[in-house]
Amino acid sequence: MERFRSTKAGWENSPNWSKGLSKVGKRMLSHQEVKGFYDRFGNKQDWQRFYEDVATEALIENGDFNKANVVMEFGCGTGRFAERLLEKHLPLKAKYIGVDISETMVVLARKRLHRFGPRADVQLSDGPPKLNFEAET
């Protein structure tokens with residue numbers, strides 16, 4: 001069986017990658033369906049690195065994270081991307097704020113990012129996030 005891997009150009013070596021899309025149709029998942037999926041999927045999300053890492057690398061390469069004061073991520077998942085930013089790419093005074101609709105993902109991200117103390121804040125959202133930015137003096 002041929003293994004397919006992600007490239008910077010996409011999934012070009014996978015001739016049938018779009019066959020399953022016709023089964024999905026154009027229906028959007030509800031908030032509860034998405035939340036339920038990620039609550040069940042849990043730490044298996046980290047298994048998705050085979051395709052996520054390509055996008056993550058490009059984001060890190062072009063993001064100027066070394067100059068950031070605050071980074072906010074909507075859909076922070078297990079906190080794997082945040083951990084990488086906090087370890088290697090963000091200044092020591094920079095803060096990370098992650099938001100997710102899945103209680104499971106929030107628990108996993110908080111556990112992973114606990115060692116970063118107040119530099120990392122992960123919040124559970126039930127829809128539009130409630131943002132509270134304090135003015136820096």
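The values are calculated or read from the model by the stated rules, or taken from the named source; none is laboratory data. Small disclaimer: the values here were computed from a predicted structure and weren't measured. Don't worry about glycine lacking a Cβ; one is built from the backbone with ideal geometry, like all the others, and counts go over all protein chains shown. Remember, those area values only see protein heavy atoms, side chains included, never the ligands or the DNA or RNA. Shrake-Rupley method; radii C 1.70, N 1.55, O 1.52, S 1.80 Å.
For the residue pairs 67/88; 35/111; 67/111; 35/95, alpha carbon separations beyond 21 Å are given by 67/111; 35/95. The phi torsions of the range 108-121, fed into the Karplus equation with coefficients 6.51, -1.76 and 1.60 and a -60° offset, translate into couplings of 5, 5, 4, 4, 5, 9, 3, 5, 8, x, x, 5, 10, 10 Hz, rounded to whole numbers, with Gly and Pro shown as x. Solvent-accessible area assigned to carbon and sulfur over the range 73-130 amounts to 57 percent, based on a 1.4 Å probe. For the peptides 34-42, 102-110, the ranking by packing is 102-110, 34-42, with the highest mean count of neighbouring Cβ atoms within 10 Å listed first. What the Cβ-Cβ distance of residue 124 and residue 66 gives, at R0 = 25 Å and to the nearest 0.05, is a FRET efficiency of 0.30.
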